[in-house]
1. In the set 211, 185, which member is more than 19 Å from residue 423 (Cα to Cα), in a loop (DSSP other than H, G, I, E, B) and charged (D, E, K, R)?
2. Limited to region 213-244, what total is found for residues that are without any contact (Cβ under 8 Å) to a residue 40 or more places away in the chain and more than 22 Å from residue 377 (Cα to Cα)?
3. For region 285-310, give me the residue count where each residue is surrounded by fewer than 18 Cβ atoms within 10 Å (Cβ to Cβ) and more than 15 Å from residue 343 (Cα to Cα).
4. Only one of these is farther than 21 Å from residue 374 by Cα and either buried (at least 21 other Cβ atoms within 10 Å of the Cβ) or assigned by TED's automatic domain parsing to the domain that holds residue 153 (or both): 221, 209. Name it.
5. Considering region 220-237 alone, what residues qualify as being at pLDDT 90 or above and among the polar types (S, T, N, Q)?
6. Would you mind finding the one in 423, 385 that is under 17 Å from the mean Cα position of the chain (by Cα) and farther than 22 Å from residue 311 by Cβ?
7. Would you be able to say whether some residue in region 315-328 is within 23 Å of residue 285 (Cβ to Cβ), of a type in the set (S, T, N, Q) and modelled with pLDDT under 95?
8. Among the numbered criteria (1) touching a helix residue (DSSP H, G or I) at 6+ places or on another chain (Cβ under 6 Å); (2) in a helix (DSSP H, G or I), which one does residue 306 miss?
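The values are calculated or read from the model by the stated rules, or taken from the named source; none is laboratory data. Nothing here was measured: the structure is a model prediction, and the numbers come from that model. Counting neighbours? That spans all protein chains shown, and the Cβs are built from the backbone with ideal geometry, glycine included.
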Amino acid sequence: MLAAPRSNGILDLETLLSALPACKRCRSNRRSYIASLVDHLKRGRPSPRSNVESAGTSVKSSESDSGVPCEVSHNFAYTKGAYRFLGDGSPLSTVREQPRAHEPTNGDSSPALVIPEIKSEYYVDTELHQFLVQTFFKTINQVYSILEPDASFLSHESGSDEDLPPTQQFVLQLVYAIGCHCVPEFNPKLISLAHACHHRALQHIETATAEPTIVTLQAITLLAVYSLFEPEQGNFSQQIGFAVRLAIDLAGSETFDAPPLLTTLQTVIYCLENLVCSVLVRPTSLQEPARPATFDINDPLEFLCSLCRAQKHIQNGDLEPYMREAILNIDGNTLDPLLPNVTAVFWQTRLMLEDCSSNASILIGTYCRPGFIPTFLTAHWINRATRKVIEGYHSSDGVEKESLLYSYSSAIHLLGSLSTRWAGSKIIAEELQSVMREGGKGNLGPDFRSDTIQVVRSVDSS
């Protein structure tokens, strides 16, 4: 191997150039390439990231630190322990110049989440109790208002719930289990704890669901939410069906107007059922609310409910003009205050209304936002959106093509992350990569219902 000539400890550019063999094309460009490479090495090597390509550097200055003109853009990546050169026309170079969708920008940066030590999956101490309960209320309960945060038993911090009534034990263990799944970064210990808490909750299910009360409705709704994370451990169809029947019975037994909590729970159940049935293309059982759809972003749950109603009508082909107009007139920039999961449902609805690559690309970007909580349904929408992105990529050029390539790259990364929880996501990623290689000539229809993902079948299993 050719040793790099040095002069007084500094790389001798001229000697290095004269020593390098090259073809005619390389001779005409090697000066700028080597000059930029030398400058890049002088600036120091970045710290490698585990299994992830480090942020690359693009050298485009008109003159290098060595005083040699650099008229050609050169891109470098540090990966697998060495620098790699990316040509100026490399598709990866344009992708790498943009911020990664799955990494927070400076504006989104926040202190790293500190997870308390998990001493045993059989014991939740005070610190872990507070962490999981707070995580639950800051995340999933902000989307689906199932529990009231001032419930006395949620402040239970003795490390044991044995002195609580069975129904409260059931609810508390499910809060723990769901909270484990709402932590941003995948943590195998938390997932093991979630399984243990779910198992402990099921020990009280008969007692917890024996009486037709609002507390029972809260309990069974929590169980349905948990199935969004662990579809193979539960039967969402049965659980949400039970919740629907109980909600109807409770509403019918009231001689006066339904209490606010019951109305809220009915809305939550309607949203949950419709979000799943929209993916599985099945009829729903809970009747649509009689009140008009408002699409009021100042009321997140009502906004979510309106979107779910719209999705149902879009699939049925009977969406009312006022609903269509209301959705299309919403400025996506006004949705920033909403949680990413609610914003994602909006862009899912827009994609159903306008099946175009721009909507698909924005939806993928929403899944990359910090704070988004994935469920097993997320892979379906990534699949659908990415197929539209691929279709757009192969029929576009210029900046739009680069942007769509970036969205495609983000989607594949997301599916890789999801595969640690739902193995079927890897199958989707491989299929999308195959379609991309084929030039978008594969099956571009969002045929998620072909049982590509095993977990979807488990939702309907008995």
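1. One residue alone meets the criteria, 211.
2. So the count comes out to 1.
3. The number of residues fulfilling the criteria is 8.
4. Working: 221 fails: farther than 21 Å from residue 374 by Cα.
On inspection, the qualifying residue turns out to be 209.
5. 221, 227
6. Working: 385 fails: farther than 22 Å from residue 311 by Cβ.
None of the other options fit; the residue is 423.
7. Taking every residue of region 315-328 in turn, at least one turns out to be within 23 Å of residue 285 (Cβ to Cβ), of a type in the set (S, T, N, Q) and modelled with pLDDT under 95.
8. Failing condition for residue 306: (1).
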